[in-house]
Amino acid sequence: MRKRSIATNDPHIQALARIVGERAILYRKEDLMAYDCDGFTVHRHLPKAVVFPTSTEQVAAVVRYCHEHDLPFLARGAGTGLSGGAIPLNGEVVISLTRMKRLLHVDLENRRAVVEPGFVNLKLTNSVAHRGYYYAPDPSSQYCCTIGGNVAENAGGAHCLKYGVTTNHILGLEVVLPNGEVIEIGGNGVPDPPGYDLLGLLTGSEGTLGIVTKITVRLLKNPEAKQTVLAYFDEVEDASQTVSDIISAGIVPAALEMMDQTAIEAVEAAAFPVGHPKDIAALLLIEVDGISAGIDEQIDDILAICRRHHVREVKVAQSEEERARWWANRKTGFGAMGAISPDYLVQDGVIPRSRLPEVLREIANISRKYGLRIANIFHAGDGNLHPLVLFDASKPGETERALAAGSECLKACAAVGGSITGEHGVGIEKKEEMRFIFTDEEILAQTAIRDVFNPKNLLNAGKLFPTPGRCVETKMPSTVK
Amino acid sequence: MLSLTWIEELQEFLHPEQIKRNDSFHPLGNDGAVTVYPQAEEEIAAVLRYADQSGKKVFIAGRGTKRGFGGQREQADILLSLEHYAGIVEHAAADMTVTVKAGTVFGDLQRALAPYRQKVALDPFWPDEATIGGVIAANDSGPKRLGYGSARDSVIGLRIVYPNGTVIRSGGKVVKNVAGYDMNKLFIGAMGTLGVLSEITLKLRPLAKYESVVLLSFPSGDVHDIRSFAVSFLDTMMEPVCFELFNPTLAERLTGRPVYTLAIGFEDVENAVHYQEQWVERLRPKAAEMAVLAGEEAAAFWRTFNTVAPNGRLAQAENGIEAAVKIGVVNLDVLSILRESVLIADRCHVRIEAHGGLGHGLCQAYVHGSEEGVLAAMEELRQAAVRLGGYAIVKHLPFSLRQRIDVWGGKPSYFFLLEGIKRKIDPNKTINDQRFIGGI
Ligand SMILES: Cc1cc2nc3c(=O)[nH]c(=O)nc-3n(C[C@H](O)[C@H](O)[C@H](O)COP(=O)(O)OP(=O)(O)OC[C@H]3O[C@@H](n4cnc5c(N)ncnc54)[C@H](O)[C@@H]3O)c2cc1C
C-alpha cells in the first residue's frame with residue numbers, strides 16, 4: 001500500500017483507519033477495483049473499503065465499529081472462492097486477513113498446528129514436510145488460498161476421498177462474532193468440547209457466522225508408500241464403471257480423479273502437458289497410499305478392474321517426478337480451460353457414485369442443448385463433479401446461457417439424490433439452486449441458526465440462502481411432507 | 001397409580017399397545033410418566049406436536065444404555081422410546097452409504113452390512129444394546145476413533161423431527177456436501193436436546209481384510225517409558241487404528257495382568273498388519289512384554305472391551321455406586337490422566353478402571369465405590385483434566401448423585417450461542433429439558 005494520509009471526509013473510513021492504521025486501509029475507487037469480485041467473476045460490486053488488520057484485536061475492533069454503525073462487512077482470504085462468497089454485494093467493508101499469516105505453533109508429538117487465518121494452505125505442509133508430516137486438505141488452489149478461507153468453505157481437494165475435507169481436520173477456532181466479541185472453541189485442540197458442535201457448524205458457513213482469526217488443525221504423518229496409476233479409456237462409460245467398481249471392491253484410494261476429452265484437450269494445451277493421447281474419451285488418475293506391504297495388492301486389483309473395463313492403456317508412475325507431473329497437469333486443470341476458451345464457469349455438483357455414467361450422459365445432453373462445450377474434470381471417487389461450462393462473455397447472451405447450463409447440471413445432480421455443491425460453496429452463485437435440495441422449512445431452519453450468531457445480518461449478507469419467495473412464511477410452518 | 005387423564009389423548013395418534021404407563025421411576029432418572037413407542041416418523045412427529053402444544057415435557061430414549069448420562073429431571077411426562085422404530089431404510093452398497101432408522105441396534109446394523117464387506121466406522125460401547133440414534137446423539141466413540149474418526153466424520157445426512165413436529169433434513173446421501181450450513185453437526189452429540197433423530201445416513205468403509213491387536217504391557221509402571229515408546233511409534237509411518245492405554249486396574253480385568261498396557265490395533269491386508277506388528281516389536285522397550293491377538297481373537301478382545309463401561313440397561317451395582325467419566329485432553333496428556341486415575345483411586349478409596357487414546361486425547365474412567373468416594377474421585381479427575389486444559393463430563397451416574405455434581409463441568413464462554421440455538425429450535429424446552437450442558 002502507498003504511504004499517504006487519509007484523503008477523505010468519510011468519518012467511517014477515518015475511524016477504521018484509526019483502528020488498523022492508515023497504511024492498512026484502501027478506500028479509493030481505483031484501489032477497490034481489485035476487490036470487486038473473487039474467483040466467481042460473473043458478479044461484481046465495489047466494497048466501501050478494504051482493511052488489513054494484523055491482529056485479532058484489530059479484527060474485533062473493526063467488527064465492533066461496523067456493528068455499532070450498521071456498516072455491512074465481510075471477511076476475505078485470498079479471494080479464490082468460486083461461488084462469490086467474498087464479493088461485497090452490499091458495499092461491505094472488506095476485512096482482508098492476508099496480513100494475519102503467521103504459523104503460530106507446531107506440535108508434532110500431538111500432531112497439530114496453530115495458524116492465523118491468512119496462512120496459505122500449502123505453506124503449512126511445506127513447514128512440516130521435513131519431519132514427514134503434512135496438512136491433508138489439498139484444494140487445487142492450495143498454493144495461494146488461505147486456511148481461513150478453507151474453513152469458511154469447508155474446502156476439499158483431490159486427496160479428500162480417503163482423508164476427509166477441511167472439517168475433519170479442524171480442532172479449534174478463535175472467532176470474532178458479528179458483534180465484535182471474541183470466542184475460542186476447542187481451545188488447544190482437545191476433542192469433543194462439551195456443547196453443540198460449533199466447530200462443525202462454523203466450518204463451511206461461508207463467512208456468515210463469524211470471522212475466524214485463529215485455527216488449530218490436525219497434521220498427518222506422510223504415508224509410507226504411494227503409487228499412482230494413469231488409465232486411458234475409449235469410452236466414458238468404461239471409466240465411470242471402473243470408478244464404481246474400485247469403490248465397491250472396498251479399495252479406498254487416496255485420490256480417484258477423472259477428466260474427459262474436452263478437459264484433456266485443455267490441459268494438454270496449457271502449461272503442464274504430459275502427453276495424454278488426444279483421442280481418448282476419459283482418463284482416470286488413481287492414487288493409493290498406506291503401508292507399503294499392502295499397496296501392491298491394491299494396485300493389482302485396480303489394474304485388473306481397469307482391464308475388465310477395456311482400458312486402452314494403463315500405467316503406474318515410475319518416479320516421484322512422473323507422479324508430480326501427472327498431478328500438476330490435473331491440479332491446474334481449471335485454469336487450463338483458458339487455453340481453449342475465453343471464459344469458463346466451474347460447477348460443483350455431487351452425486352451418489354454409482355450414478356456417474358447416467359449423470360455424465362445428462363451433462364453431455366445439457367451441453368448439446370445449450371450449444372456450449374462442457375469439460376469434466378473432477379473428484380470421481382467421491383462423486384464430486386466439476387462440469388466446466390466454456391463460453392465467451394463477449395458474445396451477447398452467452399454468459400446467461402452458461403449460467404443456465406451450469407444450473408441445469410446441478411439440477412441433474414439433485415435429481416439423482418445428490419447435492420448442488422461438494423466443496424466450492426453456495427455463495428451468490430448457487431443461492432437459488434438451494435431450492436433443488438432443501439424445502440423452505442429447511443432453509444428457514446438454517447437461517448434461524450444464522451440469526452443466533454449474526455442477528456443484524458451485517459456479516460456477509462445475501463449469500464448462501466435463496467431470497468425468500470412470496471410463499472415463504474416468516475415463521476416456521478409445522479409440517480413438511 | 002397416578003391419574004393422568006391426558007394420556008387418553010395420546011390414543012388419537014398411537015395405538016393403546018404403543019403406550020405404557022410407568023408406576024415407578026428408574027434410579028437413573030430420565031424417565032417418563034408414560035412411555036410411548038412410535039413405529040413411524042409421523043407418530044414421532046405427532047407425539048412431539050402434541051407435547052409442544054400442550055406444555056408436556058418429552059424425554060427421548062433409544063434402548064436406555066445412556067440413561068445415566070446427564071439430565072436434571074427424574075421424569076418427564078412422556079418418555080419417547082425409539083426401540084420399535086428400527087431397520088435399514090436403504091443400503092446403497094455400491095455407493096457405500098446406508099440410511100437407517102434411529103432405533104436400530106448398532107450391532108444389528110453392522111451385521112446387516114457385513115455380508116457386503118462394509119461397516120460403519122465407529123466402535124461405540126455396548127454395540128449390541130445401544131441404538132445408532134443414541135450413539136450419534138451422545139457422540140459415543142471407542143479406541144478406534146484414532147483410525148475411524150467419530151460420528152461427525154461418518155454421518156452424512158439426518159432426518160430430524162423438530163420439537164414442533166416439523167421434519168427437517170440436513171446433509172444428504174452423498175459423501176461430500178457443503179450446501180448450506182453443515183446442520184448435521186448440530187445434532188451429533190446434542191443429547192437429543194434439539195430434535196429427535198429419525199433417520200441417519202452414514203458413509204461406510206470396507207471391512208478390513210485382516211485385523212490384529214498388539215498388547216504391550218509395561219511392568220515397570222513408569223509412564224515415561226510408555227511416553228517415549230508412544231512418541232517414537234507415533235512418529236513412524238505406521239497406521240494403527242487404535243493406540244489405547246489401559247491403566248493397571250482395567251488391564252487386569254482385560255488381560256489378567258495389573259500393569260499399564262497399550263492396545264495397538266491394526267486393520268489392513270494381512271502382510272501390512274504383520275509388518276506393523278514388527279515395528280512395535282522393534283521399537284518396544286526391553287522390559288515391555290508383547291502379545292498379539294489376531295483375527296477372531298482380536299475381535300473377541302474388543303467384544304469384551306466394549307462391555308466394560310457402565311450400561312444404563314443393566315441392574316445397578318449392588319455394593320456401591322458406579323460412574324463413568326469422559327475426559328478430553330491433548331493427545332499425549334492422556335498419560336497424565338491415566339497416572340492420575342491410579343493416584344486418585346488410592347486417595348479416594350475407589351476402584352478406577354481407565355483407558356485413553358494417545359492419538360486422539362479421549363479417556364474414559366469407570367469409577368466404583370461409595371457415594372462420597374465416587375463423587376470425590378470424579379471431582380479430582382475433573383481438576384486433573386482442567387489443569388491440562390481439558391474437560392471431564394460425567395457419562396453415567398445415578399440420578400440422585402447427578403444433583404450433587406455438575407455433569408457437564410460448567411459453561412463455556414460462548415454458552416449464550418448454545419442457549420440461543422436451543423431457544424430457536426425448542427423455545428418451549430419440550431424435549432430433553434435440562435439434559436445437556438448448562439441446563440439446556
Ligand atoms: C483454480 C482454483 C482451484 C480450486 N480448487 C479447489 C479445490 O480443489 N477444492 C476446493 O474446495 N476449492 C477449490 N477452489 C476454491 C477456493 O480456492 C476455496 O474455496 C478456498 O477455500 C477459498 O479460500 P480463499 O482464501 O481464497 O477465500 P476467499 O475466496 O477469500 O473467501 C471465501 C469465503 O470465505 C470467507 N472467509 C475468508 N476468510 C475467512 C475468515 N478468516 N473467517 C471467516 N470467513 C472467511 C469469505 O467471506 C468468503 O465467503 C479453487 C479455486 C480456484 C481459483
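Please treat every number below as a calculation from the coordinates, not as lab data. Source: prediction; values computed, not measured. Quick reminder, even Gly has a Cβ in these numbers, built from the backbone with ideal geometry, and neighbours come from all protein chains shown.
P(r) tail, chain A: Cα-Cα pairs separated by more than 31 Å, 45% of all pairs. Entry note: the stretch B:210-305 has Rg to Rh equal to 0.94, where both radii use alpha-carbon atoms and Rh is the Kirkwood radius. Restricting the stretch A:60-167 to chymotrypsin sites (Phe, Trp or Tyr not before Pro) that sit in a DSSP loop and have at most 16 other Cβ atoms within 10 Å of their own Cβ leaves A:Tyr143.
A simple charge model with +1 on the Cβ of Lys and Arg, -1 on the Cβ of Asp and Glu and nothing else charged puts the dipole of the stretch A:164-241 at about 480 debye relative to its Cα centre. Helices in chain B, meaning DSSP H runs of at least 4 residues, each add -39500 (n - 2.57). Divided by all residues, the mean residue ellipticity at 222 nm is -8500 deg cm²/dmol. For the pair the stretch A:204-245 / the stretch B:199-242, the C-alpha centres are spaced 25 Å from each other. Based on alpha carbons, the Rg and Dmax found for chain B are 22.0, 71 Å.
Other residues whose C-beta falls under 11 angstrom from the C-beta of A:Ala249 contribute a net charge of 0, scoring Lys and Arg +1 and Asp and Glu -1.
Per-residue mean of foreign Cβ neighbours for A:417-429 is 4 (Cβ atoms of other chains, 10 Å radius). For A:Ile428, the residues 5 or more places off, or on other chains, whose built amide H falls under 5 Å of its own are A:Gly84, A:Gly85, A:Leu464.
Taking every Cα-Cα distance in the stretch B:332-427 and sorting them into 10 Å bins from zero, the calculated P(r) comes out as 15, 42, 28, 13, 2 percent.
Just so you know, the Cα atoms of the stretch B:86-146 work out to an Rg and Dmax of 11.1, 29 Å. Amide H contacts of A:Ala75 (H built 1.01 Å from N, in plane; Pro and chain starts excluded): A:Ile95 sit under 5 Å, all sequence-distant by 5 or more or on other chains. Scaling against 2.2 N^0.38 Å puts the C-alpha radius of gyration of the stretch B:258-343 at 1.40.
Across the stretch A:11-96, the fraction of Cα-Cα pairs farther apart than 15 Å, rounded to a whole number, is 53%. Within 10 Å of the Cβ of each residue in A:348-361, the mean number of Cβ atoms contributed by other protein chains is 3. Note on the stretch A:103-221: with charges restricted to the Cβ of Lys and Arg (+1) and Asp and Glu (-1), its dipole about the Cα centre is near 520 debye. When the charge dipole of chain A is built from unit charges on Cβ atoms (+1 for Lys and Arg, -1 for Asp and Glu) and taken about the Cα centre, the candidate among A:Ile428, A:Pro72, A:Ala402 whose Cα reaches farthest toward its positive end is A:Pro72. Within 10 Å of the Cβ of each residue in B:360-366, the mean number of Cβ atoms contributed by other protein chains is 2. Evaluated at q = 0.09, 0.11 Å⁻¹, the base-10 log of the normalised Debye intensity for the protein assembly as shown, with identical point scatterers placed on the Cα atoms, takes the values -0.96, -1.43. Taking Cβ atoms as reference points and 14 Å as the exclusive limit, the residues near A:Val115 contribute a net charge of +4, counting Lys and Arg as +1 and Asp and Glu as -1. Within the shell of other residues whose beta carbon sits under 11 angstrom from the beta carbon of A:Ala375, the net charge comes to -1, with Lys and Arg scored +1 and Asp and Glu -1. By other beta-carbon atoms within 10 Å, ranking B:Arg227, B:Arg284, B:Arg63 with the fewest at the front produces B:Arg227, B:Arg284, B:Arg63. Rounded to the nearest 20 debye, the dipole size of the protein assembly as shown about its Cα centre is 1900 debye, using +1 on the Cβ of Lys and Arg and -1 on the Cβ of Asp and Glu. Computed from backbone phi, the HN-Hα couplings of the stretch B:115-127 come to x, 8, 6, 10, 7, 7, 7, 8, 10, x, 6, 6, x Hz, rounded to whole numbers (Karplus: 6.51 cos²θ - 1.76 cosθ + 1.60, θ = phi - 60°; Gly and Pro given as x).
When only alpha carbons are used to place a centre, the stretch A:296-350 and the stretch A:18-89 end up 37 Å from one another. Which one, A:Thr125, A:Pro178, A:Pro194, is farthest towards the positive end of the dipole of the stretch A:113-197 when Lys and Arg carry +1 and Asp and Glu -1 on their Cβ? Positive-most Cα among the choices belongs to A:Thr125.
When only Cα pairs under 8 Å and 6 or more residues apart are kept, what is the percent relative contact order across the stretch A:11-96? Relative contact order of the stretch A:11-96: 36 percent. Residues B:Met96, A:Met259, arranged from fewest to most other Cβ atoms within 10 angstrom of their Cβ, appear as B:Met96, A:Met259. The relative contact order of chain A comes to 14 percent, based on Cα pairs under 8 Å that sit 6 or more residues apart. Cross-link partners for B:Lys176 among the aspartates and glutamates, with Cα-Cα distance under 18 Å and sequence neighbours closer than 8 places in the same chain left out: A:Asp138, A:Glu153, A:Glu206, A:Glu257, A:Asp348, A:Asp382, A:Glu423, A:Glu433, B:Asp95, B:Asp153. The convex hull drawn around the Cα atoms of the stretch A:223-340, when projected onto a plane and averaged over every direction, covers 6.8 nm².
With contacts taken as Cα pairs under 8 Å and at least 6 residues apart, the stretch B:205-340 reaches a relative contact order of 34 percent.
For the listed residue pairs A:Lys431/B:Lys57; B:Lys57/B:Lys424; A:Lys430/B:Lys173; A:Lys48/A:Lys463; A:Lys48/A:Lys395, the alpha carbons are over 26 angstrom apart in A:Lys431/B:Lys57; A:Lys48/A:Lys395.
Kirkwood radius and radius of gyration were both taken over the C-alpha atoms of the stretch A:103-221, and their ratio Rg/Rh is 0.94. Taking a straight line from the alpha carbon of B:Lys286, these lysines sit under 27 Å away, with near neighbours fewer than eight places off in the same chain left out: A:Lys221, B:Lys144. Pairs over the 30 Å Cα-Cα cut-off, from the set A:Lys29/A:Lys331; A:Lys331/B:Lys209; A:Lys456/B:Lys203; A:Lys411/B:Lys422; B:Lys203/B:Lys326: A:Lys29/A:Lys331; A:Lys331/B:Lys209; A:Lys456/B:Lys203; A:Lys411/B:Lys422. Where the centre of each part is set by its Cα atoms, how far does the stretch B:70-115 sit from the stretch B:377-440, in angstrom? With the stretch B:70-115 and the stretch B:377-440 each reduced to a Cα centre, they are spaced 25 Å. Of A:Ile443, A:Ile19, A:Leu459, which is farthest towards the positive pole of chain A's charge dipole, taken about the Cα centre with +1 and -1 on the beta-carbons of Lys, Arg and Asp, Glu respectively? In chain A, that residue is A:Ile19.
Once the GluC sites (Glu not before Pro) in DSSP loops with at most 11 neighbouring Cβ atoms within 10 Å are cut out of chain B, the longest remaining piece is B:13-317.
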